[in-house]
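The values are calculated or read from the model by the stated rules, or taken from the named source; none is laboratory data. Not measured: the values here are computed from a predicted model. Glycine also receives a Cβ, built like all others from the backbone with ideal geometry; neighbour counts cover every protein chain displayed. SASA here: full protein model, heavy atoms, side chains in, ligands and nucleic acids out. Shrake-Rupley method; radii C 1.70, N 1.55, O 1.52, S 1.80 Å.
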Amino acid sequence: MTVRTFGKAIKGPVAYVLAGGASYGSMQVGMLRALAGTDLRPDFIVGTSVGSLNGGVLAYDPDSAVDRLTEAWTKVSRDDIFGSVLKSAVAAASLKGALVSSDGLRKFLESTTPARDFADLKIPHTAMTTDFDTGLPVPIKEGDLVSALLASSAIPGVFPVVNRDGQRLVDGGLVANVPIGEAVAQGAETVVVLDCGFTVLAQQMVDDSLISRINRTAAIVLSNQVRRDLEKAEGTTILYLPGPWPAGVRPDNFSKSAELIMKAEMMAKEWLAEVKIDGPGRYGSAPSDSLVATSESITPAAADLAKEAGIPVDESKPVAEVASGVDEGQTGSKVVKAGQQIVNVAKSVTGSSDSGKGKEDEDLATKDEPKKSAKSQVVDADDTPVDSGDEKSGNAVVSAGKQLVNKAKSVATGSNGEPGAAEAEDEQVDSKSTTEQRDS
């Protein structure tokens, strides 16, 4: 039943843009349920990562897509997509290119739609991917559908790289997580954005783990992508649907999918019922809008880095308005600790150690895992034995981790990269590590 008619207020072609966001993709199902109650229909679809998967189902059969997706998302679990935690840990220790195989992702995709080629789709669909060698965006809109959607969702380091037509392709989120620019380039006059709110991680981490900090770093980068695309979309009507951001769970946690679908549907329905379209422009807020740093809430060095990264630094707003509760020293020490965890995990894998380090560092490392020789064989995620004993690359990982610690310390303390006593100590170890690599 149609609850909102936009009529001539909407100018075609209309593009649905479905963003990436892993388990947060369930929100898009709720948004699609709300859109089904309007006269808005896509002339074409552009999706990235999980958005390309949801978009592929929608493009195959728009009439049944909502029911198909609702059923799939309310049943899927983390293990269905990413496999067991144990296998992931073994794959990480092996230093191989992917933590898990794409089998679970493929099964999820093939269970939600029978389409196997872009020619099977009723609505034109573009899956955004990234050329892993050149770093350039690769939009795919023809040929084998499954490999294209797997490539669009191939998070580097998590899922394997997809080889297709002579290119090594990975997740399109690296270059266009919310592919508004691609939709505009394809001629869209109206763009309906179904964002998963992944960039909200830039303001609120789900927990204080290393993974959450990595997610937050990615969210900051993705926020800048959205800003750039919105600037390029001037003269286009952008309907930016609201969603239940933040999700309250990590992006690999599917336990709240049903709840997120319901919340997203309610929010989108209310917004669609009230929004008034009056010519081109953006209607609705993007999650990335709230990522604004203040020069008072961070050190001068960090403020400079923010500006270089394209993050707007608003010097007019007090800290309480934008970054309430920010403790510069505490935040900096957490970043340093995250970097040190990378060092320790790398050491635990390669078997290297520092004689001067205490028990605290040992606790951060994976001390509970049984020790293996440098040349031991381990089983990867796909049960293929691999050689985990590349000592040179292992030392390089340790060195890179220590460089991250030093950089984090310089930003956190506002030293602009001038090392203090602690940094000097680490640099001496780095030099020793480099010498050991040359000697080996």
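Just a few scattered comments:
- Only one of the numbered conditions (1) in contact (Cβ under 8 Å) with a residue 40 or more places away in the chain; (2) open to solvent by 10 Å² or more (accessible area, probe 1.4 Å) is not met by LEU35, and that is (2).
- Top-ranked residue in the stretch 1-20 [being open to solvent by less than 10 Å² (accessible area, probe 1.4 Å) and outside any strand (DSSP E or B); ranked as nearest to PRO242 (Cα to Cα)]: ALA19
- Pair list, Cβ < 8 Å and 6+ apart or interchain, from the stretch 146-164 residues that are under 17 Å from ALA115 (Cβ atoms) and open to solvent by less than 50 Å² (accessible area, probe 1.4 Å) to residues that are modelled with pLDDT under 95 and of a type in the set (A, V, I, L, M, F, W, C): VAL146/LEU109; LEU149/LEU109; LEU150/LEU105; LEU150/LEU109; LEU150/PHE159; SER153/LEU105; SER153/PHE159
- Selection count, the stretch 11-36, where residues are of a type in the set (A, V, I, L, M) and at pLDDT below 95: 1
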